[in-house]
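The values are calculated or read from the model by the stated rules, or taken from the named source; none is laboratory data. These numbers come from a predicted model, not from an experiment. Here the Cβ positions follow ideal geometry from the backbone for every residue, glycine too, while neighbour counts run over all protein chains shown.
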Amino acid sequence: MAIDQLPDGRWKVDVEPIKGKRFRKTFKTKGEAQRFDASCRGKVVEIPDWSPRPKDLRTLDALAKRLRNPQGAKLDPQTYAQDRRLRAEAGITPKTLNNELGYIRAVFNELRGLGQIDYANPLEQEQIADLLTAIREGCDNPHVEPIVLLCLATGARWSEAEGLAPSRLRNGTVTYSKTKSSKVRTVPIQPELEAFIHDHWKRHGQFTGAITSFRRALSRSGIVLPKG
């Protein structure tokens with residue numbers, strides 16, 4: 001078995017997706033172990049010479065200090081928006097600010113996916129609900145919703161998600177090959193989303209151009225995006 005629980009409660013992954021390519025790593029939670037297992041299986045298929053990167057130990061100290069070290073559950077969009085406004089006025093580029101927002105959203109999403117927190121992502125849930133309502137109530141293109149859900153779940157650009165082939169969604173992972181950096185990227189997703197998209201493809205076929213319909217939905221939602 002690829003994933004086993006150790007006597008101390010940790011979870012050990014010992015996976016050999018193809019002969020001669022074996023990966024071993026230990027995690028605190030079963031969810032982390034499952035994600036690593038799925039990632040290894042997906043990446044080995046796409047990139048034969050791939051090997052896992054070392055653990056990223058960088059911290060969010062600078063951001064926490066600027067926000068006066070709030071409790072995660074008490075962080076709210078208004079507090080973050082104020083910090084963003086001040087940094088924009090200080091000359092920080094929109095691209096950098098958008099990247100930072102994506103990183104902190106991803107932290108909350110990962111913690112929730114691992115069962116470490118039981119509250120919604122404080123920086124996106126309200127706007128996501130508004131956007132999905134606008135899509136479900138007014139879009140004539142059925143592909144908009146699954147593409148949006150893929151972008152939100154994996155951090156993909158619209159073109160990456162829209163161009164996803166069915167063969168690249170399997171075993172709980174999405175693999176993007178036509179990326180801006182030309183690098184192959186594999187991302188774990190929830191089983192519910194994987195099933196939803198496969199069902200969508202059976203009913204509506206592979207994704208086709210949907211960006212215009214998405215922009216109309218975004219306008220109807222009332223969400224105002226910052227420059228960049």
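Condition first: modelled with pLDDT under 80, outside the structural domain of ALA165 (by TED's automatic domain parsing) and either part of a helix (DSSP H, G or I) or touching a Leu at 6+ places or on another chain (Cβ under 8 Å) (or both). Can you find one or more residues in segment 17-40 that meet it?
Among the residues of segment 17-40, at least one is modelled with pLDDT under 80, outside the structural domain of ALA165 (by TED's automatic domain parsing) and either part of a helix (DSSP H, G or I) or touching a Leu at 6+ places or on another chain (Cβ under 8 Å) (or both), which makes the answer yes.
Where in segment 139-228 are the helices (runs of 4 or more DSSP H), entirely inside, with at least 1 residues that are hydroxyl-bearing (Ser, Thr, Tyr), in contact (Cβ under 8 Å) with a residue 12 or more places away in the chain and under 27 Å from PHE36 (Cβ atoms)?
Of the helices (runs of 4 or more DSSP H) lying wholly inside segment 139-228, those with at least 1 residues that are hydroxyl-bearing (Ser, Thr, Tyr), in contact (Cβ under 8 Å) with a residue 12 or more places away in the chain and under 27 Å from PHE36 (Cβ atoms) span 144-154.
Looking at the structure I just gave you, is GLU126 crowded, with 18+ Cβ neighbours inside 10 Å, modelled with pLDDT under 90, assigned to a helix (DSSP H, G or I) and of a type in the set (D, E, K, R)?
So GLU126 does not fit the description; no.
It is to be established whether one or more residues within segment 116-123 are modelled with pLDDT under 75 and small (Gly, Ala, Ser).
There is at least one residue in segment 116-123 that is modelled with pLDDT under 75 and small (Gly, Ala, Ser).
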